[in-house]
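Working notes, beginning with the structure itself.
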Amino acid sequence: MRPRTLAGRYARTAYLFLLPAILFFAAFFYLPIGNVVATSLRTGPQADQWAGLGNYTQALGDPAVRHSFLVTVAFAVAVVVGSIVLGLALAMALDQPLKGRVAFRVLLLVPYLTSVAIVGLLWRNILDPELGVLNRLLLAAGLPAQHWLNTSPLLTIAAVTLWQSVGYTMVLFLAGLQGIPETYHEAAKIDGADAWLRFWRITLPLLAPTTLFVSVMAVISGLQAFGQAYIITNGGPGDATDLSVFHIFNVAFRSRDFGYSSAQSVLLLIVIVAFTLVQLRAGRRGEVVY
Amino acid sequence: MRKWLLYTVLGLASLVTVLPLLYMLSLSLQTEAETLSASAVLWPESPQWGNYAELFARAPFGNFIVNSLVVAGLITLAHLVFDPLVGYVFAKFRFPLRNTLFVALLATLMVPFFVRMIPLYVLMANMGWLNTYQGLITPFLMDAFGIFLMRQFIQPIPDDLISAARIDGASELGIYRRIILPQTRPALAVLALFTFVFQWNEFLWPLVATTTPEMRTIPVGLTLFNQEYFTLWHLTAAGSVILFVPTAVLFLLTQRYFVRGIALTGLR
């Protein structure tokens with residue numbers, strides 16, 4: 001059957017071209033989302049007994065789940081704050097007329113290319129109390145060894161995460177800074193505004209969209225961090241770095257409780273989507289136009 | 001600001017980002033005794049290139065490399081085939097349910113991978129696709145971000161170009177292949193680069209979806225190797241160097257594209 005109108009023919013072509021994508025997103029996004037919700041309402045080793053909202057009420061009252069959620073939020077906050085402060089500081093340093101800017105940009109961006117496997121394994125070795133190069137250097141200098149992964153494990157893995165990602169946020173901020181017209185700064189200089197004032201009144205407000213984007217991305221990736229806990233700390237010491245996705249992974253694939261782990265991943269998804277929407281709304285309200 | 005201060009800040013920051021990776025290289029060339037010695041060894045007495053051979057003897061590292069190349073390579077290829085085609089449809093065609101489908105597509109951007117992890121595992125188990133290439137590859141064949149990127153890039157191409165080709169009797173697929181695709185080359189390069197690097201480094205899904213060492217990709221194979229031989233840091237470091245070098249080379253060859261690509265993701 002050939003469509004009679006031209007519009008009909010274009011529509012047919014469009015759907016023909018879209019067919020693989022429609023099948024793909026149905027099979028590998030929408031069907032799994034439906035299934036994770038369906039599984040979250042069931043219990044038992046095969047996840048085939050109806051549980052209603054049982055898994056959800058259990059998760060909300062489970063101290064281990066609550067603890068891992070709080071740990072994850074603290075981790076995400078540390079990553080967000082670090083990304084913004086360090087990323088912006090480095091971008092502003094790099095936004096000056098310096099020699100070797102391209103080289104600095106490359107050097108700062110290099111860790112961004114590493115897999116979380118490298119980040120995890122390398123830093124676990126470097127930070128090791130006995131074998132780690134940092135502690136061996138400290139001892140050689142007559143200083144006491146530091147057990148960073150025992151004394152402040154969460155901050156340490158957040159710092160390691162920043163080591164990998166700060167180049168990325170720096171490049172985003174750099175693009176944002178280059179979008180601010182030089183004339184604003186010149187006009188403010190003529191009016192007698194010093195660098196500090198110009199930073200607070202011009203740079204920061206005009207960078208708001210970039211800052212918003214960076215914080216949204218950092219929250220989203222911080223809340224779903226996994227490899228740091230799996231590779232560096234194994235969730236420990238104790239449960240100090242039991243990040244949510246690591247917790248869900250263990251409930252699913254070590255305890256083999258698909259129903260309970262599915263409910264937890266739906267809850268975390270709701271939190272992430274809510275966070276994103278709130279941030280975007282707050283960001284839109286805070287936008288400035290000069 | 002004073003220039004020396006800027007140079008100091010940037011120089012120190014660069015040392016922090018680069019020195020650990022150089023140390024990784026140094027570690028990969030040390031003897032086992034050097035990795036365990038009480039005093040810090042910054043560079044080995046005599047570089048032990050044999051560590052790399054020993055790594056291949058202790059773990060199926062050749063398999064890991066082939067698996068990573070096949071998985072990341074085929075996923076990248078799939079993105080190059082599908083993302084621009086779908087982006088073209090959303091940029092240039094009018095058809096029923098267009099906006100609905102586009103919103104449904106963009107909504108998938110908000111779905112983190114861990115949400116799909118358990119149902120995909122069950123799906124693959126039911127199909128007998130755990131521990132296979134198709135199991136590792138199919139969940140990542142396309143993504144909304146790549147499609148959106150291509151749509152943004154294709155939109156400014158003049159419609160007249162397409163209409164003229166239609167009047168000349170070109171087929172729809174011919175228009176796409178001969179008129180649209182050649183103009184998207186810079187965007188395709190960015191797309192390929194990012195897809196390959198991300199898939200090369202992907203950790204969670206290959207960890208979940210493989211059951212034997214022979215099917216593991218490098219990040220997973222290396223991590224589980226380290227769990228088994230947790231004292232052999234020189235070998236783990238050698239594996240890390242193998243994992244890192246391809247992305248580093250790609251990056252150095254294309255760093256301008258790379259930086260532009262990141263900046264592009266920040267645009268709304």
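The values are calculated or read from the model by the stated rules, or taken from the named source; none is laboratory data. Treat the numbers as computed from the prediction; the structure is a model and nothing was measured. No Cβ is skipped: glycine too gets one built from the backbone with ideal geometry, and neighbour counts run over all protein chains shown.
Step by step: first the residues of the range A:77-118, then only those that are closer than 30 Å to A:Ile272 by Cα and outside any helix (DSSP H, G or I), then the one that is farthest from the other protein chains (Cβ to nearest Cβ). Which residue is that? Out of the qualifying residues, it is A:Thr114. Filtering the range B:98-111 to residues that are of a type in the set (A, V, I, L, M) and out of contact with any helix residue (DSSP H, G or I) (no Cβ under 9 Å at 6 or more places or on another chain) leaves only B:Val103.
For the range A:124-144, taking the residues that are within 7 Å of another protein chain (Cβ to nearest Cβ) and within 19 Å of B:Val18 (Cα to Cα), the one that is surrounded by the fewest Cβ atoms within 10 Å (Cβ to Cβ) is identified as A:Leu137. Quick one: is B:Thr217 of a type in the set (S, T, N, Q), under 25 Å from B:Arg116 (Cβ atoms) and touching a Phe, Trp or Tyr at 6+ places or on another chain (Cβ under 8 Å)? So B:Thr217 passes the test.
In the set (1) touching a residue at least 60 places away in the same chain (Cβ under 8 Å); (2) under 30 Å from B:Leu123 (Cβ atoms); (3) more than 7 Å from every other protein chain (Cβ to nearest Cβ), the condition left unmet by B:Phe198 is number (1).
Yes/no per residue for (1) facing chain B (nearest Cβ under 8 Å); (2) closer than 27 Å to B:Ile262 by Cβ:
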| site | (1), (2) |
| --- | --- |
| A:Pro209 | yes, yes |
| A:Gly227 | yes, yes |
| A:Ile232 | no, yes |
| A:Ser265 | yes, no |
| A:Val278 | no, yes |
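Looking only at residues that are in a loop (DSSP other than H, G, I, E, B) and either modelled with pLDDT of 95 or more or on the phi < 0 side of the Ramachandran plot (or both) in the range A:33-48, which one is surrounded by the most Cβ atoms within 10 Å (Cβ to Cβ)? This residue is A:Leu41.
If you go through the range B:67-89 and pick out every residue that is within 11 Å of chain A (Cβ to nearest Cβ) and either more than 25 Å from the chain's Cα centre (by Cα) or surrounded by fewer than 24 Cβ atoms within 10 Å (Cβ to Cβ) (or both), you end up with 5.
Of all residue pairs spaced 6 or more apart or on separate chains, those with beta-carbon atoms under 7 Å, a first member in the range B:37-48 that is more than 14 Å from every other protein chain (Cβ to nearest Cβ) and a second member that is among the β-branched types (Val, Ile, Thr) and surrounded by 13 or more Cβ atoms within 10 Å (Cβ to Cβ) are B:Gln48/B:Thr31. With respect to (1) modelled with pLDDT of 90 or more; (2) of a type outside the set (S, T, N, Q); (3) in a helix (DSSP H, G or I), the lone exception for B:Pro186 is condition (1). Looking only at the range A:220-250, residues that are crowded, with 22+ Cβ neighbours inside 10 Å and assigned to a helix (DSSP H, G or I) come to 15 in all.
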